[in-house]
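Trainee: One structure, as structure tokens, below. Some questions next.
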Amino acid sequence: MAEVAKSNGDETAVVSAQSHGTVGDAVGTAVISPDAVENPGLPPHRKRITDLDEKSERTAERWVYVLFYLSIVGSLGAVLAYMFFPMESGDLWEIRLNNMFVGVGMTLALLALGIGAVHWGKALMADHESIDERHPVPSNSETREAAAEVFTVADQESGFSRRTLVRNSLIGALIAFPIPGITLLRGLAPQDQDPVVLLKHTMWDSGVRLARDHGGHHVGAAIRASDVTIGSVFHVVPENLGQATNVLDEKAKAIVLLIRLDPDVIKEPEDRKSWSYDGIVAYSKVCTHVGCPVALNEQHTHHLLCPCHQSQFDVSDQAKVIFGPAKRPLPQLPIAVDDEGYLIATSDFTEPVGPSFWERLK
Ligand code: FES
């Protein structure tokens with residue numbers, strides 16, 4: 001049995017239910033209190049100054065298009081700042097100036113665009129309360145017609161078609177805003193050299209000694225073959241790395257792992273037999289997947305592990321990929337020993353190091 005008792009007016013409602021069914025059904029009375037506060041409804045509508053005074057309306061309109069034009073100035077300013085404050089030299093002060101002025105330009109562009117849009121909406125677009133009724137999601141033809149009607153009304157009330165200065169300045173600002181982003185892409189490519197040539201060559205060359213990497217710009221001592229014991233791993237850079245214009249860029253391409261294995265476990269094809277020296281092999285440290293440093297060496301299995309996505313390379317077998325997303329073996333640096341017992345490269349890498357790129361096989 002269920003019973004609902006409700007007093008006249010808006011006082012307490014009592015709901016009681018009694019079970020005649022299975023054990024466990026609810027039995028009891030619920031007391032529902034009326035809302036403590038009555039819905040006050042919408043406050044009385046107050047007209048804005050732009051609704052009452054034509055001069056204020058014109059001023060607001062002027063502000064809106066001035067802000068949109070200011071946004072264009074900001075976007076163009078960011079482009080000019082990028083051109084007039086270049087950072088190709090790598091000088092820290094130049095990089096700071098470039099970042100600051102490009103940032104100021106883009107901030108102005110975005111801020112003025114945002115403030116202009118908000119001011120347009122608050123001061124000039126139609127200002128009346130409306131109730132948006134909810135309808136089922138699939139729309140029928142009447143709904144679509146109603147939607148088209150809404151667009152027409154919105155266009156009329158916002159003045160999008162009528163206020164041509166505001167509309168055109170907004171379109172201009174929106175077109176100009178992405179331009180700095182496109183311009184910044186230029187900074188990804190070198191200024192005066194073919195990027196493909198740069199990617200294909202490193203500082204390794206015939207006779208360049210292998211030296212220890214001491215981190216950052218620092219180059220350690222050249223390495224003798226006798227320094228490298230079986231199982232040891234050296235992080236190696238060209239001895240002449242300090243002469244590079246962009247030391248870190250060159251290091252990023254030329255960095256090598258030097259490992260000594262038992263000569264009996266190394267599998268070398270005939271044409272590579274001269275690339276190693278008494279079990280010492282040198283492989284690029286740049287992962288062929290997306291370029292992380294392959295720095296984890298498993299001495300007993302002769303596996304090199306890339307910590308980024310777990311690619312594994314077999315050092316005893318030409319650094320072939322044995323697991324993971326990398327698709328190519330690590331390039332091998334051909335090495336030998338000079339008259340004084342130092343390890344030297346006998347040439348540059350014979351293929352580009354690091355991840356693939358479109359022109360790699362050109
Ligand atoms: S970068 Fe080495 S596995 Fe992805």
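Trainee: Would you point out which residue out of THR245, THR229 is polar (S, T, N, Q), part of a loop (DSSP other than H, G, I, E, B) and within 17 Å of THR202 (Cα to Cα)? Write out each step before concluding.
Mentor: Values: THR229 fails: within 17 Å of THR202 (Cα to Cα).
Matching residue, one of THR245, THR229: THR245.
Trainee: Follow-up. Taking only the range 38-65 into account, find how many residues are of a type in the set (Asp, Glu) and under 14 Å from ASP127 (Cα atoms).
Mentor: Step one: list which residues in the range 38-65 are of a type in the set (Asp, Glu), which gives 38, 51, 53-54, 57, 61.
If we keep only those that are under 14 Å from ASP127 (Cα atoms) as well, we get 51, 57.
So the count comes out to 2.
Trainee: Is there a residue being part of a helix (DSSP H, G or I), exposed (fewer than 11 other Cβ atoms within 10 Å of the Cβ) and of a type in the set (A, V, I, L, M) anywhere in the range 129-141? Spell out how you get there, then give the answer.
Mentor: Looking only at the range 129-141, we keep the residues that are part of a helix (DSSP H, G or I), and these are 141.
Narrowing further to those that are exposed (fewer than 11 other Cβ atoms within 10 Å of the Cβ): 141.
Checking which are of a type in the set (A, V, I, L, M) leaves us with none.
There is no residue in the range 129-141 that is part of a helix (DSSP H, G or I), exposed (fewer than 11 other Cβ atoms within 10 Å of the Cβ) and of a type in the set (A, V, I, L, M).
Trainee: Another question about this same structure. May I ask you to list pairs of residues, at least six apart or on different chains, whose Cβ atoms are under 6 Å apart, with the first in the range 349-362 being closer than 23 Å to VAL281 by Cβ and the second being modelled with pLDDT under 90?
Mentor: As it stands, the answer is PRO352/LEU199; PRO352/LYS200; PRO352/ARG360, since those pairs meet every condition given.
Trainee: Step by step: first the residues of the range 64-123, then only those that are among the polar types (S, T, N, Q) and surrounded by fewer than 17 Cβ atoms within 10 Å (Cβ to Cβ), then the one that is modelled with the highest pLDDT. Which residue is that?
Mentor: If we filter the range 64-123 for residues that are among the polar types (S, T, N, Q), which is where we start, we get 71, 75, 89, 98-99, 107.
Adding the requirement that they be surrounded by fewer than 17 Cβ atoms within 10 Å (Cβ to Cβ) leaves 89, 99, 107.
On the way: SER89: 75, ASN99: 94, THR107: 97.
Here the answer is THR107.
Trainee: To continue, here is another question. Please specify each residue of the range 286-315 satisfying the condition of being crowded, with 20+ Cβ neighbours inside 10 Å and away from the ligand (no atom under 11 Å from the Cβ).
Mentor: Passing the criteria: HIS302, VAL315.
Trainee: Among the residues of the range 316-348, which ones are part of a loop (DSSP other than H, G, I, E, B) and within 16 Å of the ligand (Cβ to nearest atom)? Before you say what the answer is, go through the steps one by one.
Mentor: Of the range 316-348, the ones part of a loop (DSSP other than H, G, I, E, B) are 318-319, 324-331, 333-334, 338-341, 346-348.
Listed by number, the residues that qualify are ALA319, GLY324, PRO325, ALA326, LYS327, ARG328, PRO329, LEU330, PRO331.
Trainee: Could you figure out which of (1) in contact with a Phe, Trp or Tyr (Cβ under 8 Å, 6 or more places away or on another chain); (2) without any contact (Cβ under 8 Å) to a residue 40 or more places away in the chain isn't true of ASN240?
Mentor: (1)
Trainee: Within the range 164-184, is even one residue among the hydrophobic types (A, V, I, L, M, F, W, C) and closer than 27 Å to LYS251 by Cα? So that I can check it myself, show each step before the final result.
Mentor: Step one: filter the range 164-184 for residues among the hydrophobic types (A, V, I, L, M, F, W, C), giving 165-166, 170-171, 173-177, 179, 182, 184.
Going one step further and asking which of them are closer than 27 Å to LYS251 by Cα, we end up with 184.
Yes, the range 164-184 contains at least one residue that is among the hydrophobic types (A, V, I, L, M, F, W, C) and closer than 27 Å to LYS251 by Cα.
So that you can scan it fast, the table gives a plain yes or no per residue for (1) away from the ligand (no atom under 16 Å from the Cβ); (2) surrounded by 18 or more Cβ atoms within 10 Å (Cβ to Cβ); (3) under 26 Å from PRO355 (Cβ atoms); (4) free of Cβ contacts under 8 Å to residues at least 24 places away in the same chain:
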position: HIS217; (1), (2), (3), (4): yes, no, yes, no
position: GLY220; (1), (2), (3), (4): yes, no, no, yes
position: VAL236; (1), (2), (3), (4): yes, yes, yes, no
position: ALA254; (1), (2), (3), (4): yes, yes, yes, no
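Trainee: Still on this structure, I have one more. Across the range 142-177, which residue is farthest from MET106 (Cα to Cα) among those that are in contact (Cβ under 8 Å) with a residue 60 or more places away in the chain and part of a loop (DSSP other than H, G, I, E, B)?
Mentor: Narrowing the range 142-177 to residues in contact (Cβ under 8 Å) with a residue 60 or more places away in the chain: 163, 165-166, 169-170, 172-174, 176-177.
When the remaining residues are screened for being part of a loop (DSSP other than H, G, I, E, B), the result is 163, 177.
Working: ARG163: 26, PHE177: 8 Å.
Once the filter is applied, the top-ranked residue is ARG163.
Trainee: What about THR152, is it at pLDDT below 90, exposed (fewer than 14 other Cβ atoms within 10 Å of the Cβ) and either out of contact with any helix residue (DSSP H, G or I) (no Cβ under 6 Å at 6 or more places or on another chain) or over 16 Å from SER75 (Cα atoms) (or both)?
Mentor: On the way: at pLDDT below 90: no; exposed (fewer than 14 other Cβ atoms within 10 Å of the Cβ): yes; either out of contact with any helix residue (DSSP H, G or I) (no Cβ under 6 Å at 6 or more places or on another chain) or over 16 Å from SER75 (Cα atoms) (or both): yes.
In short, no.
Trainee: When the range 257-285 is examined, which residues are found to be assigned to a loop (DSSP other than H, G, I, E, B), in contact with a Leu (Cβ under 6 Å, 6 or more places away or on another chain) and more than 16 Å from the ligand (Cβ to nearest atom)? Steps first, please.
Mentor: Step one: of the range 257-285, the residues assigned to a loop (DSSP other than H, G, I, E, B) are 261-262, 266-269, 276, 278-279, 285.
Narrowing further to those that are in contact with a Leu (Cβ under 6 Å, 6 or more places away or on another chain): 279, 285.
Selection gives GLY279 alone.
Trainee: Quick one: in the range 191-202, which of the residues that are in a loop (DSSP other than H, G, I, E, B) and touching a residue at least 60 places away in the same chain (Cβ under 8 Å) is surrounded by the fewest Cβ atoms within 10 Å (Cβ to Cβ)?
Mentor: Residues of the range 191-202 in a loop (DSSP other than H, G, I, E, B): 191-194, 201-202.
Going one step further and asking which of them are touching a residue at least 60 places away in the same chain (Cβ under 8 Å), we end up with 191, 201-202.
Working: GLN191: 8, HIS201: 16, THR202: 25.
Of everything passing the filter in the range 191-202, GLN191 is surrounded by the fewest Cβ atoms within 10 Å (Cβ to Cβ).
Trainee: Between a first residue in the range 299-317 that is among the acidic types (Asp, Glu) and a second residue that is modelled with pLDDT of 95 or more and more than 15 Å from the ligand (Cβ to nearest atom), which pairs have beta carbons less than 7 Å apart while being 6 or more apart in sequence or on different chains?
Mentor: Close Cβ pairs satisfying both conditions: none exist.
The values are calculated or read from the model by the stated rules, or taken from the named source; none is laboratory data. Keep in mind that what you see is a predicted model, and the values were worked out from it rather than measured. Because the Cβ atoms are built from the backbone with ideal geometry, glycine has one as well, and the counts that use them run over all protein chains shown.
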